[in-house]
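The values are calculated or read from the model by the stated rules, or taken from the named source; none is laboratory data. For clarity, every value in this text was computed on a predicted model and none was experimentally measured. Positions of Cβ are backbone-derived with ideal geometry, glycine not excepted, and every protein chain shown enters the neighbour counts.
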Amino acid sequence: MANQKQDQEKKNLVIIDFDGTIFYNPTNNFSLNMPLNHALDAYSFFNEFTFQTNKNLSNNAEIILVTGRHKDQETVIRDLLELKGYKFDQYFFNQMDRTTVIDEKSFLIKYWTAKVKLINEFRLNNEYKSIVIIDDDTIICSMLQKLNFEAYRVEINKESLTQTLSIAFNSPQKRLMTELQGICV
């Protein structure tokens, strides 16, 4: 009975990525130059997520941003997201040493590993009823699904300079079926 009450008091956790997820960054330019119209507003993001996945992220959810952007950019990113209506409970920025020069593949492997490790630590802490991850990175989503996380891959697009942003969520089931169809053809 005590465990059941503790489970009911636990919150759901939603982990959201920044670049390619809620911020349109087609050139992978990670500078401080972040156009306001390249960030999707929170209302549209969460409504589209609910509509496209049939999953409601409850009001009882803790929402966390986990990004590969360096901690030096935290103030700019937080201000941008606040302007767009996001209210994150916690922020996690890339902590890798900027003075070390490494190649892109090494960076990505370290980044993927660190991100999945951080997300897995949330599970191991046993503080949350459920954990949902929303990310644009195919590798991250695949790794997390292999670890039995509920991960949704997202694509944010802008067809022209004057067009508003559009977003597409791929639920784990849809993506797996698409992968299977690609293999069977």
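Tabulated data for the structure shown
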quantity: Count of the stretch 33-52 residues which are at pLDDT 90 or above, in a helix (DSSP H, G or I) and either charged (D, E, K, R) or surrounded by 15 or more Cβ atoms within 10 Å (Cβ to Cβ) (or both); calculated: 7
quantity: Pair list, Cβ under 8 Å, 6 or more apart: the stretch 70-82 residue closer than 20 Å to Asn37 by Cβ, other residue surrounded by fewer than 15 Cβ atoms within 10 Å (Cβ to Cβ) and not basic (Lys, Arg); calculated: Gln73/Leu32; Val76/Leu32; Leu80/Leu36
